[in-house]
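The values are calculated or read from the model by the stated rules, or taken from the named source; none is laboratory data. Please read these numbers as outputs of a predicted model, since none were measured by experiment. Glycine also receives a Cβ, built like all others from the backbone with ideal geometry; neighbour counts cover every protein chain displayed.
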Amino acid sequence: MHADIVGRASDYLPNVTCNITFVATSTVSSTTRNGPSTIALKSLMAITGLIFIGFVLAHMYGNLKIFAGEAAFNEYAEHLRELGEPLLPHEGMLWILRIVLILALVGHAYSAFALWSRASNARKSRYAVTKAAKSMFVSKAMRWGGVALLLFIVFHILHFTTNTIQVNGDYDNPADRLVSSFELWWVVLIYLFAVAALGMHLLHGVWAAGMTLGLNTSAKAAERLRIAAILVAVVTVVGYILPPLAILFGIIP
Amino acid sequence: MKLTLNIWRQESQSTTGAMKNYVIDNVSEDMSFLEMLDVLNEELIEKGEDPVAFDSDCREGICGMCGLVINGQAHGPEVTTTCQLHMRSFKDGDEITIEPWRAEAFPVLKDLCTNRESLDRIIQAGGYISANTGAAPDAHANLVPKDNADRAFMGAECIGCGACVAACPNASGMLFMGAKITHLGELPQGQPERDARVVSMVDQHDAEGFGGCTNLGECSRACPKGIPLNVISQMNRDLLRAKSHGK
Amino acid sequence: MTDTLSGTEADTKFYTQGEPIADAAAPGGPIEDRWPTRKFEAKLVNPANRRKLSVIIVGTGLAGASAAATMGEAGYHVKSFCYQDSPRRAHSIAAQGGINASKNYKGDGDSDFRLFYDTVKGGDYRSRESNVYRLAEVSKSIIDQCVAQGVPFAREYGGLLDNRSFGGVQVSRTFYARGQTGQQLLIGAYQALERQIAAGTVEMHTRHEMLELVMVEGKARGIIVRDMVTGEIETHMADTVVLASGGYGNVFYLSTNAMGCNVTATWRAHRKGAHFANPCYTQIHPTCIPVSGDHQSKLTLMSESLRNDGRIWVPKDEADCGKDPRDIPEPDRDYYLERIYPAFGNLVPRDIASRAAKNVCDEGRGVGPGGLGVYLDFADAIERLGEDSVRSKYGNLFDIYERITGENPYQVPMRIYPAVHYTMGGLWVDYDLQSSIPGLFVIGEANFSDHGANRLGASALMQGLADGYFVLPNTIRNYLADGPFDKIDENDPAVVEARESVENRIKHFLEINGTRTVDSYHKALGKIMWDKCGMERTAEGLTEAIGEIKDLKADFWQNVRVLGTADSLNQSLEKAGRVADLLELGELMCIDALHRNESCGGHFRAESVTEDGEALRDDENFAYVAAWEFGGDDGQPTLHKEDLNYEFIELKQRSYK
Ligand SMILES: Cc1cc2nc3c(=O)[nH]c(=O)nc-3n(C[C@H](O)[C@H](O)[C@H](O)COP(=O)(O)OP(=O)(O)OC[C@H]3O[C@@H](n4cnc5c(N)ncnc54)[C@H](O)[C@@H]3O)c2cc1C
Ligand code: HEM
Ligand code: HEM
Ligand code: SF4
Ligand code: F3S
Ligand code: FES
């Protein structure tokens, strides 16, 4: 047994004398557990999630440059690759960012799946009737929505970054690839789906990240958090759908 | 009124159970849900059938002993304990499905009775303030601002029924644990052990086989004492703080 | 043998008069020195030896949990038992109102002596001065202890603890935690207990029911329990046994007690020789939600504080009882408490309010199903204070009421009726809380010690915690200092006998295979007790009741139907054991009530009244504790009297007119 601190009243009230000496009995003991705690896991999810939010907002800003004209957009893409030069080699900063994002993605997915599996181990026999419809939906939406986002990202990188998937001809500058792609309605549709999934993921995710990081400790804080989540989700969705829609409807030639 | 009941019957922890169907007549709307089951049991005994085992003690919503999942909802359709649910929440001809709390950390002992000692073990891990008998200073030696006292009280209202676990899609015990951590953490007396408490309780929670929380909020909706979700956030914050202190 | 003046011809045929007894453990001298003296004189146990001494504690309510935690902390080896699935669920959790302490934080003139005085007077001068004074003295430490543990008592804006006044006393000395004082105090004790369980000093056995006491060579040395999940019969031995098993109000079937409350632990000890004191003293609480039908399993208390603003009435005319109360005009209503007790009105003490309600219902003027209810009307209060203000004061109680009855008390007057709430009687103990069996200690509601014939509001919690945290740990060491006692083998004939008697009893229950359910017997017993040994008792009724209970008991052992097996979770079997013991207790209660031919506190004998129909105490003949010795299954109980001496308080007749 752990006979460490015997927390007495005098520990927090120095002016009180303790006149009782008892046989030492333990205070808080600790158990050994396997792997990280569930709260550590969800903290990892929250922190990686926040990294994603940062990226998503920055990326959105970049995408919106298309409204400033093709040149500006291309210049921006180029600028990204020149960041940190000459301290870093060409594309150096970009690779650092990419590595951070990949690590975050691995961490995020790992914690999501680890919690998922612990949850299914925590209830092996199912209820005959369930009424927790809303939260079941949210939990499924987060998990499957996340998987959908992952698939989309793979497709998206093959599409824009590596130019492996060419939907509407081969262009060597980003702006042309963009405009030519989004002239096709079904490409736009794929992106709209992806953005919708992202919006949903963020709507719950931002709030959840706040909960996990201990930002919701009063009714007021809860309200703030909810507003922040809605704000981030709405800004993201609007910011992302503008370029494809503008291109599809010919606003950007 | 006349009702059809689908009740989970299970002989013991080591056997597998199944739903069984019963019809009960002459249910009065003034009966509590458990009194309705009492009546069913009296009928079963008269017919020579084994009565349905379910837990209850105070029957006034405070001991936390009762708890059934009724039509998929922990403690049934109202926000209250099962013993305080009355039959006027149902109507003639209803079909009601009654199941035990389901979670690996709450094994079924018989029919609708479960073993919730895992919750006690979480408290053993640190859900207390070490204050040996006789060593206490005068109660007024230490003032507690009303806001803190009220929030501590809010956490202290938990009756340990386990509905939060039963309702959580992840079978997580975080609301129960967060309530205790908030209760003790709001008080000056609770500070010396605050870091050690949260670390140790969270470890115990996980070791018991509860699931992790993914902020789904079902627990708080089912809680008969209305413990809010922010106690979970408080616990997360305390844990991060404890970790930053190197615990 | 003392001559009995009490004995009417009817009652002596039910019992035998025995030798008087006395409390040998209480020191004499100035009242405020007695407890310090006893603490000093009680032998000490060296910390290193405590580990070798084992203590069994049955019950984890305020009394049991606080005792187990404290004894564990001190280093004894403690084994704790309860029948619920967690120690936190003991029925102490249900206490609403508050806990008294003579802190005098309000500076309104409170003191140990005043609390002592109020408690003795409130108990209608049927309690021991030494015990009650000690209770008052220790009350302050309880609050300190609980606050240190984190019990969230109500506080004022400045951070100081808040107090309210309670139960007709003139000072504010009641500490409270909204309507959940019992819960918060119990959780504090429970957490202290869990801490000791983690430390390994306390071994906890939940879902274990004590079914027999093991006595070896005249001393209490262990208990036989049934594991309520596996059905296994276990033997637990120790140097001493403490019973903290709560009250027996469930003998009335309907009461504010929990479903599992029972008398088994104390009754089994009584059968082994422990005296049972004042079994007939029961407290009836005036403001409970009335019975709505046969199916009802328990009664719910509505806090007494409702009487501060609600007005109690019934129709003047029997014919109006079925009407919508809102249609009955003012002149046709009888505000009977205000009429009979103009000085105290709706705020008369519990026993008086309860009896008055019974009287008007007996006259046929009761309202609601079965005519067993009176109105508690908030219409005036709502008009005077506004609905919002009433809601903020009593909202949660109104909600409970609405949930249970389906009626909205903001619109229709509430209906209330008295219900059994607390039992002042229990195992006889001396000043050390030791029963008449050496090595068997009894604490909390299970003993008879501190409340006399009536308990003041907010004093049971005080007594339970005083016993568990401060009194028992200090007195039991006097006994333990002579230990450790010889280890008893599980094959010792006394142990084997106890275990086998339990096994045979269980086997017997399962073999009867009769036609009636256990609950039906419990209900029948409850009805007899309520009708004849309830709020008003007469020699005639009690004599009948004794006969009826004997018959019911005989029928029970012939005709009860308990299904299932012994080696599984079997709730009918659990109930059967409890009801069997309650049947025996019920009979003793009636005998006690019959022999006490006076009215005092919760015990009202229709034959002993003043000219205007109020309770009349008889100090000449009844200023004693009635301690009953078990007389065998077919024999008669023996009455031992312990005289009550009042050195510091003068005996007076209570009046509330
Ligand atoms: C509704 C209600 C409201 C009340 N309000 C107040 C109030 O405001 N103020 C006040 O001062 N008092 C109040 N009281 C009275 C007070 O709550 C009780 O008298 C007191 O809490 C009893 O405590 P206890 O520890 O003696 O027993 P309990 O808390 O009843 O505990 C009994 C314990 O014994 C165990 N047990 C019993 N039999 C066995 C057995 N055979 N084997 C194993 N274990 C067993 C049980 O499991 C339980 O753990 C109230 C009572 C009720 C019912
Ligand atoms: C492998 C695929 C993914 C899965 C399975 C997944 C799953 C989840 C789940 C279950 C949550 C909820 C956590 C909680 O409620 O506490 C979550 C949160 C979050 N996810 Fe994902 N996700 C994935 C990919 C992504 C991607 C690609 C992004 C970013 C574009 C992202 C951004 C976020 C954010 C910001 C949060 C909030 C942080 C938090 O909830 O703690 N996720 N994810
Ligand atoms: C509909 C709106 C979108 C447009 C117009 C768009 C456009 C682009 C373009 C043009 C690139 C290539 C940049 C370059 O290589 O220079 C790119 C890369 C990328 N995009 Fe998007 N994108 C959109 C939505 C998203 C979404 C919703 C996500 C994820 C949540 C995402 C994640 C990424 C990632 C991870 C890269 C790779 C970055 C790198 O490593 O170079 N994009 N995007
Ligand atoms: S938090 Fe609520 S639901 Fe969970 S155990 Fe406590 S009272 Fe029950
Ligand atoms: S429902 Fe479960 S996921 Fe968390 S918020 Fe409640 S514990
Ligand atoms: S039986 Fe006690 S809360 Fe329901």
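Points worth noting:
- Neighbours by Cβ (under 8 Å, 6+ apart or cross-chain): first from segment B:64-78, at the interface with another protein chain (Cβ under 8 Å from one of its Cβ atoms) and farther than 13 Å from A:Thr130 by Cα; second crowded, with 22+ Cβ neighbours inside 10 Å and of a type in the set (Phe, Trp, Tyr): none
- Some residue of segment B:141-163 being at positive phi and more than 16 Å from ligand 6 (Cβ to nearest atom): no
- Residue-level check: of (1) more than 10 Å from ligand 3 (Cβ to nearest atom); (2) assigned to a helix (DSSP H, G or I); (3) closer than 24 Å to A:Leu103 by Cβ, A:Met60 misses just (1).
- Test result for C:Thr206, in contact (Cβ under 8 Å) with a residue 60 or more places away in the chain, hydroxyl-bearing (Ser, Thr, Tyr) and within 11 Å of chain B (Cβ to nearest Cβ): yes
- Qualifying residue in segment A:82-92 (condition: among the small types (Gly, Ala, Ser), facing chain B (nearest Cβ under 9 Å) and not in a helix (DSSP H, G or I)): no
- Just one of the listed residues (A:Lys124, A:Lys131) is modelled with pLDDT of 90 or more and either within 16 Å of ligand 6 (Cβ to nearest atom) or in a loop (DSSP other than H, G, I, E, B) (or both), namely A:Lys124.
- Sole exception among (1) within 16 Å of ligand 5 (Cβ to nearest atom); (2) more than 14 Å from chain B (Cβ to nearest Cβ); (3) among the charged types (D, E, K, R) for A:Asp176, by number: (1)
- Set side by side, the residues C:Ala90, C:Ala67, C:Ala101, C:Ala95 differ, and just one is more than 23 Å from C:Phe441 (Cβ to Cβ), in contact (Cβ under 8 Å) with a residue 60 or more places away in the chain and either within 18 Å of the chain's Cα centre (by Cα) or crowded, with 24+ Cβ neighbours inside 10 Å (or both), which is C:Ala101.
- C:Phe485 satisfies every condition listed in (1) out of contact with any Leu (no Cβ under 6 Å at 6 or more places or on another chain); (2) under 30 Å from C:Leu644 (Cβ atoms); (3) aromatic (Phe, Trp, Tyr) except (2).
- Residue match in segment C:297-317 (condition: within 14 Å of chain B (Cβ to nearest Cβ), touching a residue at least 40 places away in the same chain (Cβ under 8 Å), out of contact with any helix residue (DSSP H, G or I) (no Cβ under 7 Å at 6 or more places or on another chain) and assigned to a loop (DSSP other than H, G, I, E, B)): yes
Let's see how each residue does on (1) over 14 Å from the mean Cα position of the chain (by Cα); (2) more than 9 Å from ligand 3 (Cβ to nearest atom); (3) without any contact (Cβ under 8 Å) to a residue 40 or more places away in the chain:
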position	(1), (2), (3)
A:Thr161	yes, no, yes
A:Gln166	yes, yes, yes
A:Arg177	yes, no, yes
A:Val188	yes, no, no
A:Val195	no, no, no
A:Met200	no, yes, no
A:Gly205	no, yes, no
A:Ala228	yes, yes, yes
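- Matching residues in segment C:222-252 - criterion: being crowded, with 24+ Cβ neighbours inside 10 Å and either more than 13 Å from ligand 1 (Cβ to nearest atom) or closer than 13 Å to C:Gly426 by Cβ (or both): C:Gly222, C:Ala238, C:Asp239, C:Thr240, C:Leu243, C:Ala244, C:Ser245, C:Gly246, C:Gly247, C:Tyr248, C:Gly249, C:Val251
- Selected residue (criterion: farthest from C:Lys219 (Cα to Cα)) from residues of segment C:483-500 that are of a type in the set (Asp, Glu) and free of Cβ contacts under 8 Å to residues at least 60 places away in the same chain: C:Glu500
- From the options A:Val179, A:Val167, A:Val154, A:Val138, residue that is more than 16 Å from ligand 4 (Cβ to nearest atom) and in a loop (DSSP other than H, G, I, E, B): A:Val167
- Taken together, B:Ala166, B:Ala125, B:Ala156 contain a single residue that is crowded, with 24+ Cβ neighbours inside 10 Å, within 30 Å of C:Gly406 (Cβ to Cβ) and within 19 Å of the chain's Cα centre (by Cα), which is B:Ala166.
- Check on B:Pro169, at pLDDT 95 or above, over 27 Å from B:Cys58 (Cα atoms), away from ligand 1 (no atom under 16 Å from the Cβ) and not in a helix (DSSP H, G or I): no
- Output for segment B:148-166, where each listed residue is facing another protein chain (nearest Cβ under 8 Å), touching a residue at least 60 places away in the same chain (Cβ under 8 Å) and away from ligand 1 (no atom under 16 Å from the Cβ): B:Glu157
- Residues being crowded, with 18+ Cβ neighbours inside 10 Å, of a type in the set (A, V, I, L, M, F, W, C) and not in a helix (DSSP H, G or I) - total across segment C:388-430: 8
- Those residues of segment B:214-245 which are among the small types (Gly, Ala, Ser) and more than 8 Å from chain A (Cβ to nearest Cβ), in sequence order: B:Ser220, B:Ala222, B:Gly226, B:Ala242, B:Ser244
- Residue match in segment B:144-158 (condition: among the aromatic types (Phe, Trp, Tyr) and away from ligand 2 (no atom under 16 Å from the Cβ)): yes
- Looking at segment C:2-119, the helices (runs of 4 or more DSSP H) lying wholly inside it that each contain 3 or more residues that are acidic (Asp, Glu) sit at C:31-41.
- Boolean, C:Glu500 is surrounded by fewer than 24 Cβ atoms within 10 Å (Cβ to Cβ) and modelled with pLDDT under 95: no
- Subset of segment B:39-60 [modelled with pLDDT of 95 or more and either within 16 Å of ligand 3 (Cβ to nearest atom) or under 15 Å from the mean Cα position of the chain (by Cα) (or both)]: B:Phe54, B:Asp55, B:Ser56, B:Asp57, B:Cys58, B:Arg59
- Test: B:Gly64 is of a type outside the set (A, V, I, L, M, F, W, C), in a loop (DSSP other than H, G, I, E, B) and either in contact with a helix residue (DSSP H, G or I) (Cβ under 7 Å, 6 or more places away or on another chain) or within 16 Å of ligand 4 (Cβ to nearest atom) (or both): yes
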